[in-house]
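Chemist: This structure is in structure tokens; I'll ask about it shortly.
The values are calculated or read from the model by the stated rules, or taken from the named source; none is laboratory data. Given the structure is predicted, the values throughout are model-derived calculations rather than measurements. Note: ideal-geometry Cβ built from the backbone for every residue, glycine included; neighbour counts use all protein chains shown. Each accessible area value is taken on the protein alone, full model and side chains, heavy atoms only, with ligands, DNA and RNA left out. Shrake-Rupley method; radii C 1.70, N 1.55, O 1.52, S 1.80 Å.
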Amino acid sequence: MAGMLYLVPTPIGNLGDISQRCRETLESADFIAAEDTRVTLKLMNHLGIKKPLISYFEHNKASKGGVILERILAGEVCALVSDAGSPAISDPGEDLVKLCHEAGVTVCAIPGPCAVITALSISGQSTGRFCFEGFLSTAKKSRREHLDSLRKERRTMIFYEAPHKLLATLQDMADTFGTDRSISLCRELTKLHEEVVRTTLGQAIQKYTDTPPKGEFVLVLAGAPEEAEPAASPDDAAARVEALMAAGLSRKDAIRQTAQELNLPKNVVYDAALK
Ligand code: SAM
């Protein structure tokens, strides 16, 4: 029988968020690949499930990925979990999923807790169009380059960030997008001290300079405001009226149509046409 890989999301703070399907998948898997086996063991104990655990994390993923794949190819079912949230989103699971696809192994993702979506939905920012930017680099130059590439981004942007880097990141964001840009700082989601601060970059810097940030954060940054279309000039209006009259419209109709097309008051178009 062919093995397969299940991506099993785990709670990002509230143990009650584990779903029935996640429990059943963990129970029926042959083994569990975990980012930190100590963290996962606590969850397994809470659920009363005993399973062989294998560690799969950033610094062993190159060697362990092949080991896990071989076991799956030999017919075993693997459940992949990260420390918290959805595996493969800003964690090493991404590489294992690629490996499985390349080897023709079936991958099944179970929907569940995910910090990026939880933050977006509670943020109070526009949710219609958004982009997930993951963690910014710790190196100042590439962090700046990353932010620079987002200067004109209209969609809501979502970032993961560690508390000790929060202030530097907010400062870099303010330098790039301006202190007035709206941001929601979503902290300790689903936990006892869950908090959403919807403010501006400038005020966020002030707040966390006064009180150093603690806990886990997702930053949800508003997109760039739409640039106002440059207003048409009286010369544009006069030229358009002339063109419409040359095409056969009466002066009155040409002025009405020009005012509509260029979104200008009729009297402005009228004065421009007279001159
Ligand atoms: N794969 C996980 C997911 O997408 O749900 C995220 C893994 S990533 C290594 C960890 C980051 O997710 C943290 O640094 C933080 O930015 C965010 N995060 C995780 N849990 C959180 C929580 N309860 N509240 C706020 N942010 C959280």
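Chemist: Which lysines, on any chain, are close to K266 with Cα under 16 Å apart, when same-chain ones fewer than 8 places away are left out?
Modeler: Correct list for K266: K252, K275.
Chemist: For the chain, what does -39500 (n - 2.57) per DSSP helix run (n ≥ 4), summed and divided by total residues, give at 222 nm, in deg cm²/dmol to the nearest 500?
Modeler: The helix contribution divided over the chain gives -12500 deg cm²/dmol.
Chemist: May I pose another question? What are the GluC sites (Glu not before Pro) within segment 1-78 that DSSP puts in a loop, where the Cβ has at most 10 other Cβ atoms within 10 Å? Don't skip to the answer; put the middle values down first.
Modeler: Working: sites: E24, E27, E35, E58, E70, E76; in loops: E35, E58, E76.
Passing both the DSSP loop test and the Cβ count: E58.
Chemist: Restricting to the chain, what percent of DSSP beta bridges are antiparallel, rounded to 5?
Modeler: Numbers: 17 of 37 bridges.
Just about 45 percent of them are antiparallel.
Chemist: Using a 1.4 Å probe and counting only protein heavy atoms, arrange D83, D36 so the residue with the most accessible area comes first.
Modeler: From most exposed to least exposed: D83, D36.
Chemist: Something else about it: With the contact rule set at Cα under 8 Å and sequence spacing of 6 or more, what percent relative contact order holds for the chain? Write down the numbers at each step before the final one.
Modeler: Numbers: 466 pairs, mean separation 46.7, N = 275.
17 percent.
Chemist: Further question on the same structure: Provide K165, K275 ordered by accessible surface of protein heavy atoms (probe 1.4 Å), highest first.
Modeler: K275, K165
Chemist: On to the next question. Considering the convex hull of the alpha carbon atoms of segment 88-207, report its projected area averaged over all viewing directions, in nm², one decimal.
Modeler: Approximately 9.0 nm², given one-decimal rounding.
Chemist: Round to the nearest 10 and report in Å² the accessible area of K214, as given by a 1.4 Å probe over the protein chains' heavy atoms.
Modeler: 150 Å²
Chemist: What relative contact order, as a whole-number percentage, does segment 126-275 give when Cα pairs under 8 Å and 6 or more residues apart are counted? If you can, show how the numbers build up before the last one.
Modeler: Numbers: 201 pairs, mean separation 32.4, N = 150.
Value for segment 126-275: 22 percent.
Chemist: In the full protein assembly as shown, how much of I89 is accessible to a 1.4 Å probe, in Å² to the nearest 10?
Modeler: 70 Å²
Chemist: Would you mind checking the radius of gyration and Dmax of segment 178-273 based on alpha-carbon positions, in Å?
Modeler: Taking only Cα atoms of segment 178-273, I get Rg and Dmax of 25.5, 72 Å.
Chemist: Still on this structure, please answer the following. Could you tell me the center-to-center distance, by alpha carbons, between segment 18-72 and segment 147-190 in angstrom?
Modeler: 33 Å
Chemist: Which value, in debye to the nearest 20, gives the size of the charge dipole of segment 67-140 about its Cα centre, when Lys and Arg are +1 and Asp and Glu are -1 at the Cβ? Mind dumping the intermediate values first?
Modeler: Numbers: 4 positive and 8 negative charges, 57 e Å.
Here segment 67-140 has a charge dipole of around 280 debye.
Chemist: Have a look at the DSSP beta bridges in segment 126-263 and tell me what percent are antiparallel, nearest 5.
Modeler: 75 percent
Chemist: At a 1.4 Å probe radius, carbon and sulfur cover how many percent of the accessible area of the chain?
Modeler: Carbon and sulfur atoms account for 51 percent of the accessible area of the chain.
Chemist: At 1.4 Å probe size, put T179, T258, T138 in order of accessible surface, largest to smallest.
Modeler: Per-residue accessible area, sorted high to low, gives T138, T179, T258.
Chemist: Now a separate question. So what does V67 come to for accessible area, using a 1.4 Å probe and Å² rounded to 10?
Modeler: 70 Å²
Chemist: Mind checking which lysines have their Cα closer than 20 Å to the Cα of K42? Skip sequence neighbours fewer than 8 apart in that chain.
Modeler: K50, K51, K191
Chemist: With the calculation restricted to Cα positions, what are the radius of gyration and Dmax of the chain in angstrom?
Modeler: Calculated on Cα positions, Rg and Dmax stand at 27.3, 87 Å.
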